[in-house]
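Engineer: Take this structure, written in C-alpha coordinates, and hold onto it; I'll ask about it next.
The values are calculated or read from the model by the stated rules, or taken from the named source; none is laboratory data. The shown structure was predicted, so the numbers you read here are calculated from the model rather than taken from an experiment. Because the Cβ atoms are built from the backbone with ideal geometry, glycine has one as well, and the counts that use them run over all protein chains shown. The protein model used for the area step is the full one, side chains on, heavy atoms only, and it has no ligands, DNA or RNA in it. Shrake-Rupley method; radii C 1.70, N 1.55, O 1.52, S 1.80 Å.
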Amino acid sequence: MASSAVNYMLCRFTLPRFGHEVPAWTPFAEFRLPTWSVWLYASLALLAPFFLSGDMVSLPWWGKLLLNVFSPLMMIFMLAGVAVAYGYLRKRGLSGGSAALIVILGTLLLGPLGPQLLVLLAMWDTVFDVRGLGHGLWRRQQG
(Lines give C-alpha, C1' and ligand atoms only; values in the text may rest on other atoms or scores of the structure.)
Protein backbone atom coordinates (compact mmCIF):
# COMPACT_ATOMS: atom_id res chain seq x y z
CA MET A 1 0.00 0.00 0.00
CA ALA A 2 2.86 2.34 0.76
CA SER A 3 4.33 1.79 -2.69
CA SER A 4 0.96 2.58 -4.28
CA ALA A 5 0.66 5.76 -2.22
CA VAL A 6 4.13 6.93 -3.23
CA ASN A 7 3.41 6.11 -6.87
CA TYR A 8 0.14 8.07 -6.71
CA MET A 9 1.84 11.10 -5.16
CA LEU A 10 4.55 11.04 -7.83
CA CYS A 11 1.95 10.77 -10.60
CA ARG A 12 -0.08 13.59 -9.05
CA PHE A 13 3.07 15.72 -9.05
CA THR A 14 4.38 14.94 -12.55
CA LEU A 15 1.45 14.05 -14.83
CA PRO A 16 -0.30 17.46 -14.72
CA ARG A 17 2.87 18.93 -16.24
CA PHE A 18 2.26 16.74 -19.29
CA GLY A 19 -1.43 17.66 -19.52
CA HIS A 20 -2.92 14.64 -17.72
CA GLU A 21 -5.12 15.43 -14.75
CA VAL A 22 -4.97 13.06 -11.78
CA PRO A 23 -8.04 12.98 -9.50
CA ALA A 24 -7.68 13.85 -5.83
CA TRP A 25 -7.55 11.22 -3.08
CA THR A 26 -10.82 9.75 -1.95
CA PRO A 27 -11.31 10.82 1.68
CA PHE A 28 -10.70 7.92 4.07
CA ALA A 29 -14.18 8.26 5.55
CA GLU A 30 -15.60 7.55 2.05
CA PHE A 31 -13.38 4.56 1.23
CA ARG A 32 -15.54 1.70 -0.02
CA LEU A 33 -15.20 -1.62 -1.76
CA PRO A 34 -16.97 -2.84 -4.91
CA THR A 35 -19.92 -5.14 -4.39
CA TRP A 36 -18.27 -8.08 -6.17
CA SER A 37 -15.52 -8.12 -3.51
CA VAL A 38 -18.05 -9.35 -0.91
CA TRP A 39 -18.83 -12.36 -3.08
CA LEU A 40 -15.13 -13.07 -3.59
CA TYR A 41 -14.37 -12.78 0.13
CA ALA A 42 -17.36 -14.91 1.13
CA SER A 43 -16.48 -17.69 -1.29
CA LEU A 44 -12.84 -17.70 -0.17
CA ALA A 45 -13.91 -17.63 3.48
CA LEU A 46 -16.01 -20.73 2.89
CA LEU A 47 -13.10 -22.54 1.23
CA ALA A 48 -10.36 -21.43 3.65
CA PRO A 49 -11.22 -23.77 6.57
CA PHE A 50 -10.60 -26.78 4.33
CA PHE A 51 -7.01 -25.64 3.81
CA LEU A 52 -6.17 -24.12 7.19
CA SER A 53 -6.53 -27.36 9.11
CA GLY A 54 -3.83 -29.22 7.21
CA ASP A 55 -0.12 -28.83 6.63
CA MET A 56 0.61 -25.71 4.54
CA VAL A 57 3.53 -27.38 2.75
CA SER A 58 1.45 -30.29 1.48
CA LEU A 59 -1.37 -28.11 0.11
CA PRO A 60 -2.03 -28.29 -3.62
CA TRP A 61 -1.00 -25.23 -5.61
CA TRP A 62 -4.57 -23.97 -5.90
CA GLY A 63 -5.04 -24.20 -2.12
CA LYS A 64 -1.94 -22.07 -1.59
CA LEU A 65 -3.21 -19.64 -4.21
CA LEU A 66 -6.59 -19.32 -2.48
CA LEU A 67 -4.97 -18.66 0.90
CA ASN A 68 -2.57 -16.13 -0.62
CA VAL A 69 -5.53 -14.24 -2.08
CA PHE A 70 -7.67 -14.55 1.05
CA SER A 71 -5.13 -13.12 3.50
CA PRO A 72 -4.58 -9.71 1.82
CA LEU A 73 -8.26 -9.50 0.99
CA MET A 74 -9.05 -9.87 4.69
CA MET A 75 -6.68 -7.00 5.48
CA ILE A 76 -8.37 -4.85 2.84
CA PHE A 77 -11.78 -5.61 4.35
CA MET A 78 -10.46 -4.74 7.81
CA LEU A 79 -9.22 -1.40 6.49
CA ALA A 80 -12.59 -0.80 4.84
CA GLY A 81 -14.29 -1.62 8.16
CA VAL A 82 -12.14 0.98 9.90
CA ALA A 83 -13.13 3.48 7.19
CA VAL A 84 -16.83 2.68 7.69
CA ALA A 85 -16.62 3.12 11.46
CA TYR A 86 -14.54 6.29 11.11
CA GLY A 87 -16.87 7.76 8.48
CA TYR A 88 -19.94 6.94 10.56
CA LEU A 89 -18.47 8.66 13.63
CA ARG A 90 -17.41 11.67 11.55
CA LYS A 91 -20.97 12.02 10.20
CA ARG A 92 -22.20 12.05 13.79
CA GLY A 93 -20.08 15.15 14.51
CA LEU A 94 -16.95 13.76 16.15
CA SER A 95 -13.60 15.29 15.30
CA GLY A 96 -11.14 13.28 13.22
CA GLY A 97 -8.80 12.51 16.11
CA SER A 98 -11.50 11.41 18.52
CA ALA A 99 -13.20 9.27 15.87
CA ALA A 100 -9.90 7.56 15.04
CA LEU A 101 -9.18 7.02 18.74
CA ILE A 102 -12.59 5.46 19.34
CA VAL A 103 -12.23 3.11 16.37
CA ILE A 104 -8.70 2.02 17.35
CA LEU A 105 -9.48 1.55 21.04
CA GLY A 106 -12.75 -0.20 20.26
CA THR A 107 -10.98 -2.63 17.96
CA LEU A 108 -8.22 -3.30 20.49
CA LEU A 109 -10.61 -3.75 23.41
CA LEU A 110 -12.65 -6.32 21.51
CA GLY A 111 -9.56 -8.49 21.16
CA PRO A 112 -9.75 -11.26 18.54
CA LEU A 113 -13.38 -10.33 17.81
CA GLY A 114 -12.39 -6.79 16.68
CA PRO A 115 -10.93 -7.64 13.25
CA GLN A 116 -13.82 -9.97 12.51
CA LEU A 117 -16.33 -7.24 13.35
CA LEU A 118 -14.46 -4.80 11.10
CA VAL A 119 -14.69 -7.27 8.21
CA LEU A 120 -18.41 -7.77 8.82
CA LEU A 121 -18.92 -4.00 9.06
CA ALA A 122 -17.18 -3.50 5.70
CA MET A 123 -19.29 -6.24 4.12
CA TRP A 124 -22.47 -4.74 5.60
CA ASP A 125 -21.65 -1.28 4.23
CA THR A 126 -20.66 -2.65 0.83
CA VAL A 127 -24.02 -4.36 0.41
CA PHE A 128 -26.41 -2.08 2.33
CA ASP A 129 -24.75 1.38 2.06
CA VAL A 130 -24.71 2.13 5.79
CA ARG A 131 -23.02 5.52 5.34
CA GLY A 132 -25.33 6.68 2.53
CA LEU A 133 -22.61 7.17 -0.10
CA GLY A 134 -24.81 5.88 -2.93
CA HIS A 135 -23.26 2.46 -3.55
CA GLY A 136 -24.10 -1.15 -2.81
CA LEU A 137 -26.95 -3.41 -3.78
CA TRP A 138 -29.46 -1.53 -1.59
CA ARG A 139 -28.67 2.17 -1.84
CA ARG A 140 -30.02 4.59 0.72
CA GLN A 141 -32.30 7.35 -0.45
CA GLN A 142 -30.58 10.71 -0.71
CA GLY A 143 -32.24 13.64 1.02
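Engineer: Take the residues of the stretch 35-59 that are assigned to a loop (DSSP other than H, G, I, E, B) and open to solvent by less than 50 Å² (accessible area, probe 1.4 Å): which is farthest from Leu120 (Cα to Cα)?
Structural biologist: Residues of the stretch 35-59 assigned to a loop (DSSP other than H, G, I, E, B): 53-59.
Still in the list and also open to solvent by less than 50 Å² (accessible area, probe 1.4 Å): 54, 59.
Values: Gly54: 26, Leu59: 28 Å.
Taking the candidates together, the pick is Leu59.
Engineer: Right, another one. Quick one: in the stretch 84-114, which of the residues that are open to solvent by 50 Å² or more (accessible area, probe 1.4 Å) and of a type in the set (Ser, Thr, Tyr) is farthest from Phe28 (Cα to Cα)?
Structural biologist: Start the filter on the stretch 84-114 by keeping residues that are open to solvent by 50 Å² or more (accessible area, probe 1.4 Å), which leaves 88, 90-95, 97, 101-102, 104-105, 108-110, 112-113.
This time we only want the ones that are of a type in the set (Ser, Thr, Tyr), so: 88, 95.
Values: Tyr88: 11, Ser95: 14 Å.
Ranking the candidates gives Ser95 first.
Engineer: Looking at the stretch 131-140, can you tell me whether even one residue there is at pLDDT below 80, of a type outside the set (Asp, Glu) and part of a helix (DSSP H, G or I)?
Structural biologist: Within the stretch 131-140 (the criterion being at pLDDT below 80, of a type outside the set (Asp, Glu) and part of a helix (DSSP H, G or I)), the answer is no, since none of the residues qualifies.
Engineer: Quick check: anything in the stretch 82-97 touching a Ser or Thr at 6+ places or on another chain (Cβ under 7 Å) and modelled with pLDDT of 85 or more? Even if it seems obvious, please write down each step before you answer.
Structural biologist: Going residue by residue through the stretch 82-97, those that are touching a Ser or Thr at 6+ places or on another chain (Cβ under 7 Å) are none.
No, the conditions are met nowhere in the stretch 82-97.
Engineer: Another question, then. Thr26 passes all but one of (1) part of a helix (DSSP H, G or I); (2) modelled with pLDDT under 85; (3) exposed (fewer than 12 other Cβ atoms within 10 Å of the Cβ); which number fails?
Structural biologist: Evaluating Thr26 over (1) part of a helix (DSSP H, G or I); (2) modelled with pLDDT under 85; (3) exposed (fewer than 12 other Cβ atoms within 10 Å of the Cβ) leaves (1) as the failure.
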